[in-house]
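Encoded as structure tokens, the structure appears first; notes follow it.
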Amino acid sequence: MLNFLTKGISKFFGTKSERDIREITPYVELINAEFTKLSALTDDQLRQQTAELRTLIGERLQPVDEQITALRQRIDEEPDMDVNEKEVVFNQIDKLDLEHNKVLEVVLLELLPRAFAIVKETARRFKENGQLDVAVTVHDQFIAAKKANVRIEEDRAIWLNKWDAAGNEITWDMVHYDVQLLGGVVLHQGKIAEMATGEGKTLVSTLPAFLNALGGKGVHIVTVNDYLAKRDSEWNAPLFEFHGMTVDCIDRHEPNTDERRKAYLADITYGTNNEFGFDYLRDNMARTPAEQVQRKHHYAMVDEVDSVLIDDARTPLIISGPVPRGDEQEFVALKPRILRLVDAQKQIAQALLIDAKKRIASGNTKEGGLSLFRAHRGFPKTKPLIKFLSETGMQAIMRSTENEFLAENQKRMPEADAPLLFTIEEKNNSVELTEKGIDFLTGEDEDPAFFVLPDMAIQLNAIETNTELSEHDRLVQKEELIRDYSIKTQRIHTVNQLLKAYALFEKDVEYVIMDSKVKIVDEQTGRIMEGRRYSDGLHQAIEAKENVKVEDATQTYATITLQNYFRMYHKLCGMTGTAETEAGEFWQIYKLDVVVIPTNRAIVRADEQDKVYKTVR
């Protein structure tokens, strides 16, 4: 019934995509009208159009900018200002910054047809005329000193339509189609443009990049790898540079350098998602503002936006460094105990699975479900268990038992875990020893509390209230207690990480061994993640498990996810060939709407629904 109503509404009002396109189509007519006017201008007059747009924007922003400047001068001139008063002034500046952005967005939308037309006309002249001839400026001389596509002849600058991009000479032969103008409007509005492969997303990006760069607050164009970042920055640069704009790519420069800082000060900055994120982390670790490279996050345009903002969004970017001391010997020393523990747990889990099969086959699903649940808690990744759970109804039986034991804040969970030496929570990626497991690990002649943390509060109180102790003896006992607590904390942490390494991380699935090193495999792409290490001692545990050199332990200095990084931008947009299927996630997480842009020519290929076949066992 709901499907019928949806079809009826779509038939009457049109689909969402059709409504979106109807709403922005008038801009195409306005852009093309301005484009027609520009054809009569000389190359110098065309370039002057950009200067006029900058002037118009500056005039509209002047009242707000003057207020911000006055407040900043007040702070500089009154170094002894009261802290509370200074906070009030900074709050006023923040409000004015927001007002500045609002005014800027209004002005840019008004100027959109002229700005887009300037880019399209520049592209047309490069394609049809072969070169652009203008009066030389300092900017022309600067570009000519670095690039071969600009030649200075007396007082004239000749901009050729041939230049290098990613090591290959290209001849510019593209002019924006109407559908690409639509895509540019969508990107400027802070939305996601879904465009089919081959429809020219790289060319589309030049339109909103040029328009937003006029505001002087920086445009970041984000790609998924450094080759694309470098190629696109070279491919599109002359369209922007002809109009006096600066273009750079952060991936061309080393981190924390003046060159990287200058790249961020460019009007349009290309780079990879990870480099943008890592630069933000490095800036947060900087000791002075002068060491920072990024400026405020204003406008970001993300290529392959579904990959960056959805698939990899929760993956943390981490800057880590060595800890004061390593614990290689502890991993090696405890490994034999963990091996015995894991082997014993496998036998328990196997016995529980056999018991579950027998009981369920005889109709006793209650007891069989409990054994199945225990087997899953003990070793969820064993192939016989995975195969059994794939049979019809087995998952339902296990989940029913799980829900029963999870009720009332997991009050009965110790009963379920009673036969196990440790429990595995796949969802949380965690492993926890049971009391039975602690007893198994502890040697016969060892202290029963060898793997048990002391209760610091009770024991410190006992030392404090012991009247027979002198002050010196009391201090000595406290130090011994704290030392014992620290040693046992590290020991238990090492045990837990070794357990994780054996129970949750499988060779050639989560990681591989190459050149006698443990290398992480990206679960999304299947690629080797060079230079990446698991944190918190887990990587060391896997190295000990695989009998390769245990490297120094690391600690996290700074971390952020791509999701949290890109949400800091004033305006965020993106483009991809596949976004509509994830439109709900884009809206829920980033408040980004998805607009499907039609192809320039009608698609003749018939796309059928996917068919998924279950693997035959």
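The values are calculated or read from the model by the stated rules, or taken from the named source; none is laboratory data. Computed from a prediction, not measured in an experiment: that's the story for all the values here. Using ideal geometry, Cβ is built from the backbone for each residue, glycine included, and neighbour counts are taken over all protein chains shown. Just so you know, the surface numbers come from the protein's heavy atoms only, side chains and all, with ligands and any DNA or RNA stripped out. Shrake-Rupley method; radii C 1.70, N 1.55, O 1.52, S 1.80 Å.
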field: Cα long-axis angle, helix 394-410 against the chain (0 to 90 degrees, to the nearest 10)
entry: 80 degrees
- prompt: How large is the charge dipole for the chain, taken about the Cα centre, if only the Cβ atoms of Lys, Arg (+1) and Asp, Glu (-1) carry charge, to the nearest 20 debye?
  reply: 2320 debye
Peptides ranked, highest mean first, by Cβ atoms within 10 Å: ranges 263-271, 241-249, 74-82, 426-434: 263-271, 241-249, 426-434, 74-82
task: Using only Cα atoms, tell me the angle between helix 16-38 and the longest principal axis of the chain; keep it within 0 to 90° and round to the nearest 10.
output: 30 degrees
- prompt: Once both axes come from the Cα atoms, what is the angle between helix 178-188 and the longest principal axis of the chain, in degrees from 0 to 90, rounded to 10?
  reply: 60 degrees
- line: Percent relative contact order for the range 422-471, counting Cα pairs under 8 Å at least six residues apart, stands at 19 percent
query: When the distances between all Cα atoms of the range 295-412 are binned every 10 Å from zero, what whole-number percent does each bin get?
result: 11, 24, 18, 22, 17, 6, 1
- prompt: Roughly speaking, what is the stretch gain from Glu29 to Asp44, that is 0.36 nm per residue apart minus the C-alpha to C-alpha distance, in nm to one decimal?
  reply: 2.9 nm
query: Stretched out fully, how many nm does the piece from Asp258 to Glu78 gain, at 0.36 nm a residue minus the Cα gap?
result: 61.7 nm
query: Label points 7 Å out from Cα along the Cβ direction at Arg314 and Thr288: separation in nm?
result: 4.2 nm
task: Select from Ala213, Ala115, Tyr613 the residue farthest towards the positive end of the dipole of the chain; place +1 on Cβ of Lys and Arg, -1 on Cβ of Asp and Glu, and compute about the Cα centre.
output: Tyr613
- prompt: In the neighborhood of Val548, defined by Cβ-to-Cβ distances under 10 Å, what is the net charge if each Lys or Arg adds +1 and each Asp or Glu adds -1?
  reply: -1
task: Sum up the charges of everything whose Cβ sits under 15 Å from the Cβ of Leu469, counting Lys and Arg as +1 and Asp and Glu as -1, but leave Leu469 out.
output: -4
- prompt: How much FRET efficiency would the formula 1/(1 + (r/R0)^6) give for Gln588 and Asn466, where r is the Cβ-Cβ distance and R0 is 41 Å, rounded to 0.05?
  reply: 0.10
query: Ignoring ligands, DNA and RNA, what accessible area per residue does the chain give at 1.4 Å, in Å²?
result: 54 Å²
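Within the range 25-93, which chymotrypsin sites (Phe, Trp or Tyr not before Pro) sit in a loop by DSSP and count at most 16 neighbouring Cβ atoms inside 10 Å?
none
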Correct option for Cα Rg over 2.2 N^0.38 Å [calculated from the coordinates] among (i) 1.26; (ii) 1.14; (iii) 1.45: (i)
task: Assuming a ≥ b ≥ c are the square roots of the Cα gyration tensor eigenvalues, decide whether the range 516-617 counts as rounded (a/c under 1.5), prolate (otherwise, with a/b larger than b/c) or oblate.
output: oblate
message: Below 12 angstrom from the Cβ of Leu372, what's the summed charge of the other residues (Lys, Arg +1; Asp, Glu -1)?
response: +3
query: Expressed as a rounded percentage, what relative contact order does the chain have, with Cα pairs under 8 Å and six or more residues apart?
result: 17 percent
field: Where labels lie 7 Å past Cα in the beta-carbon direction, separation of Val89 and Lys146 in nm
entry: 3.7 nm
Label-point separation, Asp164 to Lys102 (7 Å along Cα→Cβ), nm: 4.9 nm
